[in-house]
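The values are calculated or read from the model by the stated rules, or taken from the named source; none is laboratory data. For clarity, every value in this text was computed on a predicted model and none was experimentally measured. Heads up, the Cβs are rebuilt from the backbone with ideal geometry, glycines too, and the neighbour counts pull from every protein chain shown.
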Amino acid sequence: MPRLLLAEDDPDLGPTIRRALDLDGYIVDLFTRGDDALAAARWNEYDVILLDIGLPHGDGLHVLRELRAARHATPVIIVTAFDRTQQRIAGLDAGADDYVVKPVDLDELAARIRAQLRRSDGRTNDTLSVGSVTLDVAGHVATQAGEAVQLTAKEFRVLALLMRRSRRFVSKADLEAELYDQDNWAESNTVEVAISALRRKLGRDFIRTARGLGYMVGEQTS
């Protein structure tokens, strides 16, 4: 599943948003300082960044401008209490892809995240399909030839990343990053265990392996 960076210094709101997104199956790294959020965004690969403007040690607009100046194209949703028109314009002109005003409706925020993910993947809905396998990303449902396939949370996350990057090899390191957040590290064999289980459930030929390259689903592009 996608990995999100959440920059929010409110001691109640930050953990609340993180828990809600955790339940939706996302990997969420929470930071309360602008400088920490900027360093994490530069070091890690995130699918969407949720950015408060009023952060200590580097406000959100500074973080956003720094990322865009470095050509980071990760979608950014500003989540802030600043609701004046000029503040919205400043956020969007700084490079934000969306702007959400607090108090936050968690269902609406989740929908806006899904919209950014669809745009990034070039999709028009919340499903991924490779061959006979389809994932409903929002509903966390997997099917093969129309029949439901029971997957664990880790198996779903691995398969979703492989299908989002179909026809390209995905390294073990990238898959491991999909299975942990800043508080929970993946064990060394977690990816192999998930891949083995997916092959049992979907067929051994569905996931290809190449030494030194990683794993791939779908036919490789030329």
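Here are the numbers for the structure shown:
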{"quantity": "Subset of region 19-69 [among the acidic types (Asp, Glu) and out of contact with any His (no Cβ under 7 Å at 6 or more places or on another chain)]", "calculated": "Asp22, Asp24, Asp29, Asp36, Glu45, Asp47, Asp52, Asp59, Glu66"}
{"quantity": "Matching helices (runs of 4 or more DSSP H) fully within region 77-182 where at least 2 residues are touching a residue at least 60 places away in the same chain (Cβ under 8 Å), in the same structural domain as Arg211 (by TED's automatic domain parsing) and surrounded by 15 or more Cβ atoms within 10 Å (Cβ to Cβ)", "calculated": "153-164, 172-178"}
{"quantity": "Residue pairs meeting the criteria (Cβ under 9 Å; at least 6 apart or on separate chains; first in the same structural domain as Val28 (by TED's automatic domain parsing), in region 185-204; second at pLDDT below 95 and in a helix (DSSP H, G or I))", "calculated": "none"}
{"quantity": "Members of region 138-183 found to be at positive phi and among the basic types (Lys, Arg), listed by number", "calculated": "Arg167"}
{"quantity": "Any hit, region 14-30, residues being farther than 30 Å from Leu159 by Cα and not β-branched (Val, Ile, Thr)", "calculated": "no"}
{"quantity": "Enumeration of residues in region 36-58 that are loosely packed, with under 15 Cβ neighbours inside 10 Å and either basic (Lys, Arg) or more than 21 Å from the chain's Cα centre (by Cα) (or both)", "calculated": "Arg42, Gly54, Pro56, His57"}
{"quantity": "Qualifying residues in region 152-190 (those that are within 24 Å of Arg19 (Cα to Cα) and of a type in the set (Val, Ile, Thr)) - the one modelled with the lowest pLDDT", "calculated": "Thr190"}
{"quantity": "Residue match in region 214-222 (condition: modelled with pLDDT under 95, closer than 25 Å to Ala40 by Cα and charged (D, E, K, R))", "calculated": "no"}
